[in-house]
1. May I ask you to order 126-138, 32-44 by the average number of other C-beta atoms within 10 Å around their residues, highest value first?
2. Can you compute 3J(HN,Hα) from phi for each residue in the range 142-155, using the Karplus curve 6.51 cos²θ - 1.76 cosθ + 1.60 with θ = phi - 60°, rounded to whole Hz and x for Gly and Pro?
3. Quick check for you: which residues of the range 462-481 have the amide N under 19 Å from the point 7 Å beyond the Cα of residue 399 toward its beta carbon?
4. About the Cα centre of the range 379-462, how large is the charge dipole given +1 on each Lys and Arg Cβ and -1 on each Asp and Glu Cβ? Please answer in debye to the nearest 20.
5. Enumerate the calculated ³J(HN,Hα) couplings along the range 58-75 in order (Karplus 6.51 cos²θ - 1.76 cosθ + 1.60, θ = phi - 60°), each rounded to whole Hz, writing x wherever the residue is Gly or Pro.
6. Heavy atoms only, probe 1.4 Å: what % of the accessible area of the chain goes to carbon and sulfur, would you let me know?
7. What are the residues whose amide H is under 5 Å from the amide H of residue 251, where those residues sit 5 or more places off or on another chain and H is modelled from the backbone?
8. Would you compute the Debye intensity of the range 379-462 from its alpha-carbon atoms alone, equal scatterers and no solvent, and pass along log10 I(q)/I(0) at q = 0.18, 0.20, 0.21 Å⁻¹ to two decimals?
Amino acid sequence: MYDITIIGAGVSGSSLAYELSKYDVSVCVLEAENDVAVKTTKANSAILHAGYDPLPGSLNAKLNVEGSVLAKEICSKLDVPRNQIGSLVVAFSEEDLEMVQTLYERGVKNKVPDIQILTKEETLAKEPNLNPDIYGALYAPSAAVVNPWEYTIAMAEVAIQNGVTFSFNQKVKDIQKVGDHFEIKTDKETIESEYIINAAGVNAGEIHELVSEPTFKTIPCRGEYYLLDLEETDTVKHIVFQCPTKVGKGILVAPTTHGNIIVGPNAENIPDEWVNTGKDVANTATGLKGVAEGAKKSVPTINLANSIRNFSGVRANTDREDFIIEQVMPQFYDVAGIKSPGLTAAPANSLYLIELMKQDGLVLDKKNDYVDERKRIHFNQASIEEKQQLISENPDYGRIICRCENITEADIRESLHQTLPAKSVEGVKRRTIAGMGRCQGGFCGPRVVEIIADELNISPLEVDLDRWNSHILVSQSKEVL
Ligand SMILES: Cc1cc2nc3c(=O)[nH]c(=O)nc-3n(C[C@H](O)[C@H](O)[C@H](O)COP(=O)(O)OP(=O)(O)OC[C@H]3O[C@@H](n4cnc5c(N)ncnc54)[C@H](O)[C@@H]3O)c2cc1C
């Protein structure tokens, strides 16, 4: 029997696991897929928002601003790439300027540090490639970009080191209250737990309805992106937003922590039945056309022909405006409707929920000793001397496998044995960035398959692309002949 079971290992569930792992309680995380950060958490704009957008007084506003401060600390402690490059919300009309003023006032109320409204000239001095027809911009220096999956993996790894169990390929199907605890039925087994936290992202409504009448309706909303080659790195230096609308924060152009330029997202409500079918994260010609037009409005010279990847993410929007972090019944809590800025707010959401649980009577004692740091070797960012040292200790560092991103055989082999090991080609990619460059794994992909097979002592035919059983190879070519 666990004290607390978290359903879902996105950034919400993993951040909760990380915070709860500092307390003297047994915690289990049940995840339907084979890794953390495989749903909405892996496909978003990767921005730690400053917090001027959410309405003052809302949970979104409070937890966004608190989350952005906490994220900075966590990234530094857990060795996660984060660049504080600041953001600009650009005005293209007098009307937009009024919106910029509104955002400024919201930002002041939300206690966002150091925001200011810039004139057209001041904005263009910061970003010379912007459309010269702009009217000005809101500047927020605390906005940052982060590597969202590394962030989630890092929190999950520290949680595991502190004793949390992460159990994958465990899709929760049913929940029953039996006496003073719950029985959680997955497609594999039954798990007993005193408390449950529902952090199932876009599926949180379904999990909620296993124990209670519906109190919100999920309105899944797809956002599509372009990711540009490093050749476009100098396009912009800040996160460049347009004025937000009711459905989203508008098309942005921003550098990622890896130096690529990300462009998107649009906002398109999709049918409920598309969720988890693959259709929910498909790219469409119409969607991408709209994204491209939006990006060109901000940066007319942007070269979308340098796109190396398109992808989509699904927002867990609901018919309620705010995040839903609340008790559903004794010992059962929702962390639902975690739309943007859910990546930013995650650590603050977790602290807020823990406080709520304590107020509801859960006794939580902090452990005297818990791990709260993590270090990784970043060979591709090391100095020549550091590289030489690493190669002398492990010659596998001398063999570059991913030539676009300079990822070595040692990086890949180690990712298969780290605290939360990679289990697939995409899992290796999320941990090492092998395959994330211009060729998108075209050259290194087969070598990564070979290394996984060799290191895990399995047949290459058993290597998964991403989800469990997503085999890439179907037979030896000689068998076909
Ligand atoms: C287009 C887009 C752009 C965004 N941009 C930003 C941004 O720049 N900054 C920001 O702060 N936020 C942003 N967000 C929001 C942010 O990505 C999300 O708020 C956050 O990732 C949600 O994390 P989560 O853990 O709640 O959900 P998820 O990451 O979806 O995790 C939920 C997990 O639950 C699992 N699960 C579901 N059902 C079950 C079940 N029955 N049993 C077991 N497991 C289950 C799923 O497999 C999944 O792994 C954006 C979102 C989108 C879609």
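1. 32-44, 126-138
2. 7, 5, 9, 10, 9, 8, x, 7, 4, 4, 5, 4, 4, 5
3. Within reach of a label on residue 399: 463.
4. Charge dipole of the range 379-462: 340 debye, to the nearest 20.
5. Residue by residue, the range 58-75 yields 7, 4, 3, 5, 4, 6, 4, 5, 5, x, 5, 5, 5, 4, 4, 5, 5, 4 Hz.
6. Summing carbon and sulfur atoms, their accessible area is 50 percent of the total for the chain.
7. Under 5 Å from the amide H of residue 251 lie the amide H atoms of 242, each far enough along the sequence or on another chain.
8. -0.71, -0.87, -0.95
The values are calculated or read from the model by the stated rules, or taken from the named source; none is laboratory data. None of these values were measured; they are calculated from a predicted model. Positions of Cβ are backbone-derived with ideal geometry, glycine not excepted, and every protein chain shown enters the neighbour counts. These area figures cover heavy atoms from the full protein model, side chains too; ligands, DNA and RNA do not enter into them. Shrake-Rupley method; radii C 1.70, N 1.55, O 1.52, S 1.80 Å.
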